[in-house]
1. Would you mind computing, in nm to one decimal, how far apart the modelled labels at Asn291 and Asn111 are, each placed 7 Å from Cα along Cα→Cβ?
2. Please compute the length gained on full extension between Lys246 and Arg2, using 0.36 nm multiplied by the number of residues separating them and subtracting their Cα-Cα distance.
3. For the chain, what is the convex hull volume of its Cα atoms per residue in Å³?
4. How much accessible area per residue does segment 44-200 have, in Å², with a 1.4 Å probe?
5. Pop a pseudo-label 7 angstrom from the Cα along the beta-carbon direction at both Glu221 and Arg96 and give the gap in nm to one decimal.
6. Would you mind calculating the relative contact order of segment 66-141 from Cα pairs under 8 angstrom and at least 6 residues apart, reporting the percent as a whole number?
7. Treating each Cα of segment 71-145 as an identical point scatterer and ignoring solvent, apply the Debye formula and state log10 I(q)/I(0) at q = 0.28 Å⁻¹.
8. Could you put Lys302, Lys88 in order of accessible surface area, largest first, with the 1.4 Å probe and the full protein assembly present?
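The values are calculated or read from the model by the stated rules, or taken from the named source; none is laboratory data. What you see is a predicted model, and the numbers here were worked out from it, not measured in a lab. All Cβ positions, even for glycine, are placed from backbone atoms using ideal geometry, and neighbour counts span all protein chains on display. The protein model used for the area step is the full one, side chains on, heavy atoms only, and it has no ligands, DNA or RNA in it. Shrake-Rupley method; radii C 1.70, N 1.55, O 1.52, S 1.80 Å.
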Amino acid sequence: MRNKISSTITKAVFPIAGLGTRFLPVTKASPKEMLPIVDKPLIQYAVEEAYAAGIRQMIFVTGRTKRAIEDHFDTAYELESILEYSQKQQLLESVRNVTPDDMHCMYVRQNRTLGLGHAILCAEKLVGDDDFAVILADDFMIAEQPVMAQMVEQYKRLQKSIIAVQNVPRTQTNLYGIVSGSEVQPGLFGMNNIVEKPLPDEAPSTMAVVGRYILAATIFEELRNQQPGIGGEIQLTDGIASLLKKERVFSYHFNGKRYDCGSKIGYLKAVVDIACSHPEVSGSFNSWLKNKVQSTHAQTTKQNQSDYFA
Ligand code: UTP
């Protein structure tokens, strides 16, 4: 029997134990989640999103090669005193702001990469009986109201699991968990089905699960009872599918833009977009980018013409 204490979300789980093979060799010894979007790592954006949603307890499910993340959220006494001594106030603030005083970081290790569902199960003891958020840092989100804050707002009314979704082209359904359901209010759907990576012609819809979840603590029991699939992995999608048989689950079509920073192309798009509006570099970056696009365009036109007359 659960002894749920809070009617809002106070804890976020960040599963960061994955191998990041799509980014090898950079991820051989460094975490994918420390990849910078200009000057801030993906994981810091994810933690800031949770913080903006009122969450103060951050739980990281880590693995080998992830030590840099613990260091990033730790106090850097030596660096701080050097910056203080050299009166680099702005840089000092940027370092100190990584970990506000009221934020608490906890770490648990997933010692074998047995899937996202298993990673979340590793956080069970630290989460306890309360419902909780899950943020996948490599799904980088930009929104006027941060996406997790939008979801917590929905949760306060619903008190149920809420899964973020976005529409994808039908040709891509085999890359995502796909949900279907009926709209109960604009952007909010009562879920009736969830399947992992269906083929395009078998997908129940084109609504794809992306890396933001609010999960009822009852998910742990479902995950514990899952049979490991290919590679011994426990899939979160399967856990949500069994939860759905017992209680209501909602999917939420968030407002905002998502970059799949687990892929090289998604990561590059995120870096370029953020650089274009970055207060320090946007001016020179935008003019460099404009020249680059113009010269690439001119080169392509020239090449096409010479191919035509060849
Ligand atoms: P991905 O599917 O992106 O896997 O995991 P990955 O290992 O990070 O990257 P690739 O596919 O090898 O390039 C989605 C999220 O789940 C976490 C990852 O860290 C990532 O945030 N994860 C995945 C775990 O924490 N543990 C696992 O066993 C698997």
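1. Calculated label separation equals 5.5 nm.
2. Fully extending the segment from Lys246 to Arg2 adds 86.3 nm.
3. Looking at the chain, the number lands at 182 Å³ per residue.
4. Numbers: 7900 Å² over 157 residues.
Each residue of segment 44-200 exposes 50 Å² on average to a 1.4 Å probe.
5. Label at Glu221, label at Arg96, 4.7 nm between them.
6. It comes to 21 percent, rounded to a whole number.
7. These q points yield log10 I(q)/I(0) values of -1.30.
8. Sorted by accessible area, descending: Lys302, Lys88.
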